[in-house]
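Report on one structure; see the data block that follows.
The values are calculated or read from the model by the stated rules, or taken from the named source; none is laboratory data. These figures come from a predicted structure and were not determined experimentally. A quick note on method: Cβ atoms are made from the backbone with ideal geometry, for glycine too, and the neighbour counts reach across all protein chains shown.
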Amino acid sequence: MADRTRRKGEFTGRHMALVLVIGFGIVAAVNFYMASLAVGGFHGVVVENSYVASQKFNTWLAEAEKARALGWDVRPGRVEDGHVLIETANVPAGAQVEAELRRPIGERQFESLVFDAGRDGRFRSRSPVDAGRWTMRLTITAGDDVWVGESEI
């Protein structure tokens with residue numbers, strides 16, 4: 001066997017082992033980081049009992065169809081000062097408007113809004129809403145008629 005002298009800068013088995021360990025270490029670190037982000041942004045189940053929710057599904061569809069049959073046109077939005085403005089058409093005078101807000105992602109945050117009726121079927125929230133994304137569940141009640149909708153604002 002001939003003696004091999006190692007030359008300066010030669011790639012050896014130790015180098016290869018180091019490349020593998022560092023490479024897999026980076027992959028593992030990124031995986032753990034992404035998993036922690038995913039778990040941190042998940043607030044739990046959408047429904048507590050999927051069987052019960054499935055039993056109510058047809059009722060929810062019937063209520064949605066009944067609300068659609070009312071013919072009410074509802075367009076929610078946010079104005080520059082942070083208030084929520086609901087523009088409606090074909091909604092009877094004297095209708096009551098309420099809204100529940102929740103953050104779709106991140107920290108769990110909820111707010112309730114009360115609206116004042118304006119002219120031309122417009123309703124404006126009494127208080128402004130913090131900046132950022134919100135999911136709004138809007139309920140409009142006029143007598144026995146109820147319209148419920150959900151939208152991003």
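For every residue, the table says whether it meets (1) among the β-branched types (V, I, T); (2) assigned to a loop (DSSP other than H, G, I, E, B); (3) modelled with pLDDT under 85; (4) under 30 Å from E107 (Cα atoms).
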{"residue": "R7", "(1), (2), (3), (4)": "no, yes, yes, no"}
{"residue": "R14", "(1), (2), (3), (4)": "no, no, no, no"}
{"residue": "I22", "(1), (2), (3), (4)": "yes, no, no, no"}
{"residue": "G25", "(1), (2), (3), (4)": "no, no, no, no"}
{"residue": "A29", "(1), (2), (3), (4)": "no, no, no, yes"}
{"residue": "A35", "(1), (2), (3), (4)": "no, no, no, yes"}
{"residue": "G44", "(1), (2), (3), (4)": "no, yes, yes, yes"}
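E63 versus (1) over 30 Å from V39 (Cβ atoms); (2) touching a residue at least 60 places away in the same chain (Cβ under 8 Å); (3) part of a strand (DSSP E or B): which is the lone unmet condition?
(3)
Would you point out the residue of segment 78-114, among those that are among the small types (G, A, S) and modelled with pLDDT of 90 or more, that is surrounded by the most Cβ atoms within 10 Å (Cβ to Cβ)?
Among them, the one singled out is A99.
Collect the residues in segment 116-153 that are exposed (fewer than 12 other Cβ atoms within 10 Å of the Cβ) and within 18 Å of G71 (Cβ to Cβ), keeping them in residue-number order.
Hits for segment 116-153 are D120, G143, D144.
Restricting attention to segment 55-67, which residues are within 25 Å of the chain's Cα centre (by Cα) and surrounded by 11 or more Cβ atoms within 10 Å (Cβ to Cβ)?
If the condition is that a residue be within 25 Å of the chain's Cα centre (by Cα) and surrounded by 11 or more Cβ atoms within 10 Å (Cβ to Cβ), then K56, W60, E63, A64, A67 are the ones that fit.
Considering each of P104, P76, P92 in turn, give the residue that is touching a strand residue (DSSP E or B) at 6+ places or on another chain (Cβ under 6 Å) and either among the aliphatic types (A, V, I, L, M) or farther than 21 Å from S151 by Cα (or both).
Checking each option against the conditions leaves just P92.
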